[in-house]
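Accompanying notes for the structure given below.
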Amino acid sequence: MIYDVVILGGGPAGLAAAVEVKKEGAENVLILERDRELGGILNQCIHNGFGLHTFNEELTGPEYAERYVDQVTSLGIPCFLDTMILDMVDQGDLKAIHVINEKDGYRAIQTKTVILTMGCRERPSGAIGIPGYRPSGVFTAGTVQRFVNMEGYMPGKEVVILGSGDIGLIMARRMTLEGAHVKAVCELMPYSNGLVRNIVQCLDDYGIPLRLSHTITFIHGKDRLEGVTVARVDEHLKAIPGTEEFIPCDTLLLSVGLIPENEITRNAGIEMDPRTNGAVVGELRQTSMPGVFACGNVVHVHDLVDFVSEEAVLAGKGAAKYLTGALDTHVTFTPLNGDGISYVVPQRVCLKNAEDQVTFYMRVRQVFKNKVVNAYIGETLIASKKEKKLLPAEMVNFKIARDVLAQYPAGEIRFVIEEATN
Amino acid sequence: MYDIAIIGAGIAGSYVARELSRYKLTIVLLDGENDVGNQITMANSAIIHAGFDAPSYKLKGKFNAAGNIMYEKVCADLDVPFKRCGSLVVAHDEYEMATIHELYQNGLKNGVPDLKILFKEEVHAMESHLNKDICGALYAPTAGVVSPFELCVNVAENAVDNGVTLKLNHLVSAIKKIADHFNIVTNTGNIEAKYVINAAGVYADDIYEMVGEPYFQLVARKGNYFIFDKEVGNLVNHVIFPCPSKNGKGILVAPTVHGNLLIGPDAEPVEKGDISTTAERLDYIKTNALKNCPTLPFNKIIRSFAGLRNTPVADTFTTTDGDFIIEESPVKGFINVAGYESPGLSSIPAVAHYVVEEIVKALIPDMIDNPNFNPKIRPRMRFEELTETEKKDLIKQNPKYGKVICRCETITEGEIMDVIHRSVGARTVKSVKKRCRAGMGRCQGGFCSPRVVEILARELHCSLDEIMYDQQDSAYILSGKTKSAQSEAKP
C-alpha cells in the first residue's frame, strides 16, 4: 500500500497535522509514534496552562493531547505505536520510511508525502560541560518529569535547578509539592528563559529564589551528587572569582535549552537552518525536499503548544495541496532576521500558496522594552508591530496580510527591532 | 582456598585472569567496584598505540608493538570493536621533525611495522582538517582505536565462562602472608589464595604495602577529555598526536571506534580517586587540540570526563625508571602488575601472556591445560550494524530487538536484556551503557535512562529505586516513591 501522508511522530504537531490533512481530503494517512501512546511529551506535562489560545480553556497536557487524539480516532486515522523510525529515503515521487516494532518487525512504508513532527529533546549536561564529578543525581528536567509524573518516583530531596527553561520551572513547583526542597534556580543569562507566568506561579508562589546571572562551576560527589558550587557571572558570562558559594544538594536538574530532533531530516539531505536547528521551511511548512513538510518543535522550539498546533495546520494544508498538485513552488520572498532577532520562520514564502495572511514566528536575542518590530522589503517599511516588552523566552507572532505582500516584487523581507516612534 | 587471587578487575587483572583460565587452576578475580573495568579502563584515550614511543630497553618498549599485533585476533575472539585506523605524529617545525626521526628509529628498534615519515603534502592529503603549518609526520599504520570498557567486560566474561570466579564489591583492606598462602581481607569477607596477582591500578602500591616493604610508589596523574557528536566524528580519520614531550604524548585528536571524536588528555598529579574535570584543564585541552586541528567544532561536544594514569614515581624509592612493574615481588608468590599506565591497554595481550607463561609458570611449573578453555565469547547482536534482512530475521526470532530504547545510538531492548543476562551481566545504568552504548549518544541518556532503569528492575526482579547508576548503595538514582504513588499503594 502507498500512503498519501505519513506523519513522523504522534505528539501535538503530528496529531494536529494529521487531523488537518485528513480534513483537507487526504485519504490514506498514517501516524508513526515511538511511544506506547499518542500525545508525545504532553503526556508527562500534567500541569495546566495548555490550550488558552486554541480552546480558550486551561487544560493539562494529557487533556490537550486528548482533544486531538479524539479527532484522530473519529477521523479513522491509523497509527503504529511503539514504532521506531530508522530512516527516510527519497525515491523521487515516493518516500520510503523504514520502521521497526516488536509486533511487525522491520518494514518499509511507502508514501507520497511526509510530515516531520519529531519534536525536540533536552540539551544534556555533557553539552554544557559543567566541571567536576559525574555522579548520579544530575538529570535533565524532562527526565525527572517522566520519573515523577509517569513512574511515580522521586529523584531526590534537596534540589538545585540550572537554567530557567519552562520545564525546569514547572518541575521546581512539582518537586516542591512532592515534598522536595528546591533551593535555587540558577540562570546564566540576566533574564529568565521561561514564561513570566511560570516564574510567578512556579517559583514566586513557593518562595524559590531565581538567581539570574548565576551558573554552576563545579559538581561535587563521586557516587551521588553532594552539592554544587554556584557563582555569579560577569557580562561575558564568565564566573566572577570570589562569588562562589557551595550549595549542598542531592539532585541537580538541568533546564538549559531544547534542540530540535532532526537526525532523520539531516540524513535525508533536507536543507537545514543553523539558526533554528530545524529544516528551512516555506509558508505551508514545505521543506527543500518536494513532498516533505515539517512543523512544530522539530522546525523551531515553540513557547506554547497552541502555536505548535497552529503551525501543524499549515503543514497539513501544505501536504494536501501537494497531493492535488496545487502547491506552488515558486519562492517569492525570503524572510531574514535583522537587528535584535535571532531567527524567522518561515524562511521562504511562495505567495501563491498563502492564505489571507502569513504568520512569521520569530525570537528576539535579548530583553527589549517599548520597541517595534519592523518588516522591510528593500528600504520600504511594509508592516510594523509595537511591543511593550519582548522576551527571548516568548515567540513573536508577526502577521502580514497577503494583500500587503502582493504589492511588492519578489525579494527579502527583513525583520528588525527598532525604537518606537510615536 | 584458590590457587590464584587477582586484585583488580580492570583491563590488566581481567586479561591476566582470562589467560590463566587456559589452565586448570582455581582463580578468583576481585574488585572493590560494582563493575569490572570501572576506573582507569573506563576513562582513557582508547588507543592501541603502534609502539614507537617507549625505549626498547623498557618493558613498555618490549610489549607495546607485540601487544598491538595481537589485537585483531583478540577482538575477533572477544567480539570487541577495533579499528586499525593508523596514527600520525605531526611536526610543526624542523626541531619537531628531528623528534619524528628519533621516534621512527626507536620504532624500528621496537619492531613496529610499516612506519613511514611523511612530507607535508602527504599529511594534508591524508587529513584535510589539520593545521596548514604542519610540515611532516610520522605515520604508523598499525595504531588503532578500541572500546576499552567493552574489551574489559568481554575479557572478564570470557574468563568467567572459562571458570574464573568474579567477586565485585570486594574492597581489599589487608593481606596476610600465612606460611604457604595469603589471607586477603575485604569488606565483603576473606579470601584465601596460594598466589596473589596485584593489578590494582592506581592503588597497586597501597595493596603491595599490605604485604611487603614498599619498593615502588604510584602517583595518580589525571587527564581530562572531551567527546564530540558522531556528526563530526570523521573530522580526522587517524589518531593525531602532537610531538611528544617529557610530559607525555600530548593532546591528541582521535576518532573513536564508535565514530565519535575524542580530544585530550592533559596531565596533572592529583589525589587518587580525583576524577573531577576542571574548567582550566578543559580549556587547556581545547587550546592545545586547536594547534593541530584548528576547526574543532566545540559546539558539538557531548561529554567531558577525566581519568587517571598510575605513574610510578622516579625517586630513590623506585627501581623502575617509570616503566611497568611486572614481576614476582620480594614477597614470594606475590606478583605485581603495577605502574601499568599507557601503553598498558596496547600491551595487555602480550603482557598477560608473559605474566602467565613466564612468571606464574615459574611458580607453578606443573600447570595443566584447561581442556574446556574456549577463547571466544558468544557475539553480541548489534542491531544497527545489521543488514535489512538480518534485522527482519532477528526481530522475528526475538521481538525485543524490534524495540529501540536508546534513540541516539539505536540500541534495542533485546540488546539491553542480553547484556543484563550475560555471565558478567550489567547491574547498573552505567554498566548497561558500557556494554551496549545505551545512553552514550548525543542526548546522554536523557531519554533512555528511565527506560533502562525499568528494564533493569524488571529483569533483576527489584523495584526501580533499587537500581543504581554505578556504585552499590551510594549511587542511587531514585530516592523513593512520590507522595501520590505512595498513597495509591496503600490499601
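The values are calculated or read from the model by the stated rules, or taken from the named source; none is laboratory data. If you're wondering where the values come from, they're calculated on a predicted model, not measured in any experiment. Here the Cβ positions follow ideal geometry from the backbone for every residue, glycine too, while neighbour counts run over all protein chains shown.
Data for the structure
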| item | result |
| --- | --- |
| Qualifying positions in the stretch B:184-241 - buried (at least 18 other Cβ atoms within 10 Å of the Cβ), acidic (D, E) and closer than 26 Å to B:P294 by Cβ | B:D229 |
| Single condition A:L169 does not satisfy, out of (1) buried (at least 24 other Cβ atoms within 10 Å of the Cβ); (2) of a type in the set (A, V, I, L, M); (3) not in a helix (DSSP H, G or I) | (3) |
| Criterion (in contact with a helix residue (DSSP H, G or I) (Cβ under 8 Å, 6 or more places away or on another chain) and closer than 30 Å to B:D369 by Cβ) met by exactly one of B:V90, B:V28, B:V74 | B:V74 |
| Pairs, first in contact (Cβ under 8 Å) with a residue 12 or more places away in the chain in the stretch B:67-79, second in a helix (DSSP H, G or I) and surrounded by fewer than 21 Cβ atoms within 10 Å (Cβ to Cβ), C-beta under 8 Å, six or more apart | B:G67/B:A350; B:M70/B:A350 |
| Single residue of the stretch A:1-46 satisfying the filter (within 14 Å of another protein chain (Cβ to nearest Cβ) and basic (K, R)) that is farthest from A:L94 (Cα to Cα) | A:R36 |
| Cβ pairs under 6 Å, 6+ apart, first in the stretch B:269-284 and facing another protein chain (nearest Cβ under 9 Å), second assigned to a loop (DSSP other than H, G, I, E, B) | B:S276/A:Y133; B:T277/A:P131; B:T278/A:P131; B:A279/A:P131; B:R281/B:D266 |
| Test for B:G446: is it of a type outside the set (A, V, I, L, M, F, W, C), more than 21 Å from the chain's Cα centre (by Cα) and over 27 Å from A:D104 (Cβ atoms) | yes |
| Selected residue (only one of A:S213, A:S255 is in contact with a strand residue (DSSP E or B) (Cβ under 7 Å, 6 or more places away or on another chain), modelled with pLDDT of 95 or more and more than 30 Å from A:D90 (Cα to Cα)) | A:S213 |
| Residues (at pLDDT below 90 and within 23 Å of the chain's Cα centre (by Cα)) located in the stretch B:313-329 | B:V313, B:G322 |
| Restricting the stretch B:452-486 to residues that are in contact (Cβ under 8 Å) with a residue 12 or more places away in the chain, part of a helix (DSSP H, G or I) and charged (D, E, K, R), the residue that is surrounded by the fewest Cβ atoms within 10 Å (Cβ to Cβ) | B:E459 |
| Given (1) closer than 22 Å to B:V145 by Cα; (2) within 12 Å of another protein chain (Cβ to nearest Cβ), number of the condition B:V253 does not satisfy | (2) |
| Pair list, Cβ < 9 Å and 6+ apart or interchain, from the stretch B:411-434 residues that are in the same structural domain as B:N158 (by TED's automatic domain parsing) and within 19 Å of B:Y476 (Cβ to Cβ) to residues that are assigned to a strand (DSSP E or B) and of a type outside the set (K, R) | none |
| Residue in the stretch B:277-300 that is buried (at least 22 other Cβ atoms within 10 Å of the Cβ), over 25 Å from B:M440 (Cβ atoms) and either modelled with pLDDT of 95 or more or over 22 Å from the mean Cα position of the chain (by Cα) (or both) present | yes |
| Enumeration of residues in the stretch B:222-236 that are more than 21 Å from the chain's Cα centre (by Cα) and over 16 Å from B:N299 (Cα atoms) | B:V236 |
| The stretch A:232-257 - residue that is surrounded by 21 or more Cβ atoms within 10 Å (Cβ to Cβ) and hydrophobic (A, V, I, L, M, F, W, C) and, of those, farthest from A:G194 (Cα to Cα) | A:C249 |
| Residue list for the stretch B:419-451, filter: surrounded by fewer than 22 Cβ atoms within 10 Å (Cβ to Cβ) and more than 19 Å from B:Y401 (Cα to Cα) | B:S423, B:R427 |
| Number of positions in the stretch A:220-243 that are closer than 20 Å to A:R134 by Cα, in a loop (DSSP other than H, G, I, E, B) and out of contact with any Leu (no Cβ under 9 Å at 6 or more places or on another chain) | 4 |
| Sole residue being outside the structural domain of A:A279 (by TED's automatic domain parsing), of a type in the set (F, W, Y) and in contact with a Leu (Cβ under 7 Å, 6 or more places away or on another chain), chosen from A:F398, A:F368, A:F360 | A:F368 |
| Residues that are exposed (fewer than 11 other Cβ atoms within 10 Å of the Cβ) and of a type in the set (S, T, N, Q), drawn from the stretch B:112-132 | B:S128 |
| Residues located in the stretch A:224-262, provided they are in contact (Cβ under 8 Å) with a residue 60 or more places away in the chain, within 14 Å of chain B (Cβ to nearest Cβ), over 28 Å from A:T332 (Cα atoms) and of a type outside the set (V, I, T) | A:R224, A:L225, A:E226, A:C249, A:D250, A:L252, A:L253, A:L254, A:S255, A:G257, A:L258, A:E261 |
